[in-house]
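The values are calculated or read from the model by the stated rules, or taken from the named source; none is laboratory data. All of these numbers come straight from a predicted model, not from anything done at the bench. Glycine gets a Cβ as well: all are built from the backbone with ideal geometry, and neighbour counts include every protein chain shown.
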Amino acid sequence: MTLSQTQNNSAKFFAALYVIIALCDLVLEYLFSNPEVRYITKPAIVCSLLIFLILRKTTIPLFRFNYLLMGLILSLAGDIFLLFQGQLFFILGLVMFLFAHIFYILLFVKDIAFGQKSKLFLVLTTVYGFGLFFLLYSNLKAMLIPVIVYMIVILGMANTSYFRSQEVGKKSYLFVLMGALVFMLSDSLLAVNMFYTSLPYSHIWIMSTYALAQLLIVYGIIYQNPPLYSEKNKG
């Protein structure tokens, strides 16, 4: 077995382990509603991605590693703040995820190629953002400005993922794009649940999409870099 095959197998093993960790958090929240053990299981989702990324450090260009690392660390901080009740903790969590998205933007923008893509995606995400904003507007009150800023940043994150050049590789491109879109969906569900109406099984939908989004982004960046997952090395 080659080094590339071994590392591909370890990536598959980690994905299975990651699903188990995320399921543990979802089941505990569903069965017991905010059990104390979630102070372990929720941070464990991103912690496991951090460990996986660090183990792959030598296979990723340093600037990509650093941006992705900071995005995950800030996401972890956001997860921890959101474990606690109260507006202050929510705002702190929002700020952490805001900066996490900014680091993801910095990561994706390195590979942008605007001339190669239709601008329709930009139009559609902008319309989506305005629609969501007007849905939430009447209930935002003191959170109006923070939510507007956050929405602009996450739409920027989604668009920089879309406008990445396909020269990064089809697998990397699709993983990152899907991760960004699922992240946007997760944040939208959270916003609707908090500022518009309570969603049935909201925790399950929010956390499952969030966990999937982070995994797709991390794998997308790893798949971008030869020789580990280079499609040119097949055969």
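Restricting attention to region 98-111, and to residues there that are in contact with a Ser or Thr (Cβ under 7 Å, 6 or more places away or on another chain) and surrounded by 17 or more Cβ atoms within 10 Å (Cβ to Cβ), which single residue is farthest from Leu69 (Cα to Cα)? Before the answer, list the steps.
Initially, region 98-111 is screened for residues in contact with a Ser or Thr (Cβ under 7 Å, 6 or more places away or on another chain), giving 100, 105, 108-109, 111.
Subsequent filtering for residues that are surrounded by 17 or more Cβ atoms within 10 Å (Cβ to Cβ) retains 100, 105, 108, 111.
Values: Ala100: 10, Ile105: 13, Phe108: 14, Asp111: 18 Å.
By that ranking, first place goes to Asp111.
Restricted to region 190-213, and to residues that are surrounded by 19 or more Cβ atoms within 10 Å (Cβ to Cβ) and aliphatic (A, V, I, L, M), which residue is nearest to Ile148 (Cα to Cα)?
Ala191
I'm trying to understand the selection: among the residues of region 101-127, which are among the charged types (D, E, K, R) and closer than 19 Å to Gly169 by Cβ? Walk me through it before giving the result.
Kept after step one, since they are among the charged types (D, E, K, R), are these residues of region 101-127: 110-111, 117, 119.
Selection gives Lys110, Asp111, Lys117.
Can you name the condition, by its number, that Leu69 falls short on among (1) under 26 Å from Tyr223 (Cα atoms); (2) of a type outside the set (Val, Ile, Thr); (3) touching a residue at least 24 places away in the same chain (Cβ under 8 Å)?
With respect to (1) under 26 Å from Tyr223 (Cα atoms); (2) of a type outside the set (Val, Ile, Thr); (3) touching a residue at least 24 places away in the same chain (Cβ under 8 Å), Leu69 is out only on (3).
For region 112-141, what are the residues that are touching a residue at least 24 places away in the same chain (Cβ under 8 Å) and loosely packed, with under 15 Cβ neighbours inside 10 Å?
Ala113, Phe114, Gln116, Thr126, Asn139 - these are the residues of region 112-141 that are touching a residue at least 24 places away in the same chain (Cβ under 8 Å) and loosely packed, with under 15 Cβ neighbours inside 10 Å.
Among the residues of region 14-56, which ones are charged (D, E, K, R) and within 19 Å of the chain's Cα centre (by Cα)? Before the answer, list the steps.
First, the residues of region 14-56 that are charged (D, E, K, R): 25, 29, 36, 38, 42, 56.
Of everything in region 14-56, those that are charged (D, E, K, R) and within 19 Å of the chain's Cα centre (by Cα) turn out to be Asp25, Lys42, Arg56.
Which of the residues that make up region 160-181 are small (Gly, Ala, Ser) and part of a helix (DSSP H, G or I)? It would help to see each step written out before you state the result.
So in region 160-181, the residues small (Gly, Ala, Ser) come out as 161, 165, 169, 172, 179-180.
Those that are small (Gly, Ala, Ser) and part of a helix (DSSP H, G or I): Ser161, Ser172, Gly179, Ala180.
Within region 208-223, is even one residue within 10 Å of the chain's Cα centre (by Cα), closer than 22 Å to Tyr30 by Cα, β-branched (Val, Ile, Thr) and modelled with pLDDT of 95 or more?
Yes - at least one qualifying residue is present in region 208-223.
Quick check on region 80-93. Is at least one of its residues buried (at least 18 other Cβ atoms within 10 Å of the Cβ) and at pLDDT 95 or above?
yes
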